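Here, each number is a calculation from the coordinates, and none is a lab measurement. Only a predicted model underlies this, so the values are computations on that prediction, with no experimental measurement involved. Counting neighbours? That spans all protein chains shown, and the Cβs are built from the backbone with ideal geometry, glycine included.
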Amino acid sequence: MIASNIVLTDDDAGITGIYGKILEKEGYTVHTANDGEEGLNLIETYDCDLIITDMYMPKMGGLEFISRIRQINKEIPIIVITGEGSIENAVKAVKLGAFSYIQKPLDVEQFVIEVKKATSIATIDKQNRYMKETLTIAADSFIGDSPGIKIIKDKINIISKIDSNVLILGESGTGKELVAQSIHDNSSRKDNLIVKVNCAALSPTLLESELFGHEKGSFTGAIARKIGKFEIANGGTLFLDEIGEMNMDMQAKLLRVLQYKTFERVGGNIQISSNFRLIAATNKNLEEEISKGKFREDLYYRLNVIPLRIPPLRERKTDIKLLIDYFSKKFAAEFCKEPIVISDEIINKFLDYEWPGNIRELRNAIERLSVYSLNGEIIYDELPSRISKKEDLKINLNNNLSEAKGIFEKDYIRKSLEMNNWNVSKTAELLSLTRKSLYEKINKYHLKSNE
């Protein structure tokens, strides 16, 4: 069972002590508070799955405490502990949104049953919210009927039926996460979570804690036990995006987990088993990274059981019209506006453009046009200049291909930075790069904001 976070609030230290230990033995992580104010602080600090509270406490009564909780979180279940003479208030608490109430003196068996019921409902609610988010994402996948996309769809149908590791290869913005989601949704693991981790977004230390979890006190700032993604993904799928950004030390630790499917939390000494399917993705050429000494060859072969290459948008331009139509309707519904109408002239510009940011860049362009549209009519000036007008490139045939690519990349990045007023975060998103990668290219090409 994946541990749930429970906040137990009671001014009686005997109650919080005894029943806190009972819940910990059942596998829950328990945070105790002596009054409502302390309880609210804990709720705002931790991602809680259940609140258990007494009705009568100093500083803040149970009814006010529940009302305040509902201002913070309208969905978290609450169990009320009440004395024999306060049933009326317990009923009021239920009307305010409490899950149930238990009378003192507490029957341990009944208490544990109620907690299990409440936490299981909280888990289902979380999974439902998670599924709604991922289904929204998945709806954007595989719009098109180009030969490349048809091949991907066929392969997904085959891959989904087995549990082998998958390595998804493709440029940023091509939909690697959507492919992972689709594989999971069509697999026997679909009723459990797909847990997603972006390896490029976290430092090595944070990535280790995110994957393995940690015990309370294992390092400065570890004020509570944290359940890692390996453990959360038990029974489901673990998706490691941008795995090419993982450093060599973490690669060795990941390899061991994949070999034995067991691990220890940071600061812990208990072996934890987890049965998850691994899907990894990268926009890097891992074979080149191996030759540079930046990626472990043994891990590569462990990941690359089933490679799956996603074609960039420039290789599937016959899908562009379908994608434009899909995103136009999507944003029209989202913004409560008429779907935008795009002329053949502009569609031809879209077809001529190479889309270095792939589907993500196309999606952003249609969203931008939809935001400023009037009764379905687009404002031409809002069409990104890199698409609306193709500037003649000054080609120096004395440059080799690599040098020519570098010149183009430098100019493209510089213009993108200028368009976003040198906001690195926005520019990185536009170019489908991590902030780290964009900073590296800025330094590589010696770009400055006053250029």
Label the range 6-52 by shape, choosing from rounded, prolate and oblate, from the square roots a ≥ b ≥ c of the eigenvalues of the Cα gyration tensor; if a/c is under 1.5 it is rounded, and otherwise prolate applies when a/b is larger than b/c, oblate when it is not. oblate
Unit charges at the beta carbon, dipole of the range 139-311: most positive-side option, Phe230, Ser182, Tyr300: Phe230
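Please report, in debye to the nearest 20, how large the charge dipole of the range 312-390 is about its Cα centre when each Lys and Arg carries +1 at its beta carbon and each Asp and Glu carries -1 there.
260
Relative to the Cα centre, what is the charge dipole magnitude of the range 395-451, using +1 at the beta carbon of each Lys and Arg, -1 at the beta carbon of each Asp and Glu, and rounding to the nearest 20 debye? Before the final figure, lay out each step's value.
Details: 10 positive and 7 negative charges, 32 e Å.
With only Lys, Arg, Asp and Glu charged at Cβ, the dipole is about 160 debye.
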Please enumerate, by chain and number, the lysines with C-alpha under 25 Å from the C-alpha of Lys216, excluding those fewer than 8 residues away in the same chain. Lys21, Lys25, Lys116, Lys126, Lys196, Lys226, Lys229, Lys253, Lys261
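Considering only DSSP states other than H, G, I, E and B, which chymotrypsin sites (Phe, Trp or Tyr not before Pro) in the range 138-245 qualify as loop sites with at most 11 other Cβ atoms within 10 Å? Let's see the in-between values first.
On the way: sites: Phe142, Phe212, Phe219, Phe230, Phe239; in loops: Phe142, Phe219.
Answer in residue order: Phe219.
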Rounded to the nearest 500, what is the chain's calculated 222 nm mean residue ellipticity when only DSSP H runs of at least 4 contribute -39500 (n - 2.57) each, over all residues? -14500 deg cm²/dmol
DSSP-loop trypsin sites (Lys or Arg not before Pro) across the range 1-101, with at most 10 other Cβ within 10 angstrom: Lys74
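Which GluC sites (Glu not before Pro) does the range 49-106 hold that lie in a coil by DSSP with at most 15 other beta carbons within 10 Å?
Values: sites: Glu64, Glu75, Glu84, Glu88; in loops: Glu75.
Answer by residue number: Glu75.
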Here are a few candidate values for P(r) over Cα pairs in 20 Å bins from 0, in percent: (i) 27, 61, 12, 0; (ii) 20, 44, 30, 6, 0; (iii) 25, 57, 18, 1. Which one was actually calculated from the structure I just gave you? (ii)
Counting only C-alpha contacts under 8 Å and six or more residues apart, can you give the relative contact order of the chain as a whole percent? 11
What is the distance in Å between the Cα centroid of the range 348-377 and that of the range 1-65? 50
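Enumerate lysine pairs in the range 395-451 that are 8 or more residues apart or on different chains, then count those whose Cα atoms are under 12 Å apart.
Details: Lys410/Lys441; Lys410/Lys444; Lys410/Lys448; Lys415/Lys448.
Summing the qualifying lysine pairs gives 4.
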16 Å Cα-Cα reach of Lys150 towards lysines, excluding residues that sit fewer than 8 places from it in its own chain: Lys176, Lys317
So, by mean Cβ neighbours within 10 angstrom, what's the order for 5-13, 97-105 with the highest one leading? 5-13, 97-105
Once you order the gyration tensor axes a ≥ b ≥ c over the Cα atoms, which shape class does the range 139-311 get: rounded for a/c under 1.5, otherwise prolate or oblate by comparing a/b with b/c? prolate
Tensor-based shape of the range 312-390 (alpha-carbon gyration tensor, a/c under 1.5 rounded, otherwise prolate or oblate): prolate
Beta bridges by DSSP in the chain, antiparallel share as percent, to the nearest 5: 10
For Lys104, counting only aspartates and glutamates whose alpha-carbon sits under 12 Å away and dropping same-chain residues fewer than eight positions off, the answer is Asp54, Glu84
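For the chain, what is the charge dipole size about the Cα centre, in debye to the nearest 20, if Lys and Arg each add +1 at the Cβ and Asp and Glu each add -1 at the Cβ? Working shown, then result.
Values: 62 positive and 66 negative charges, 230 e Å.
Roughly 1100 debye for the chain.
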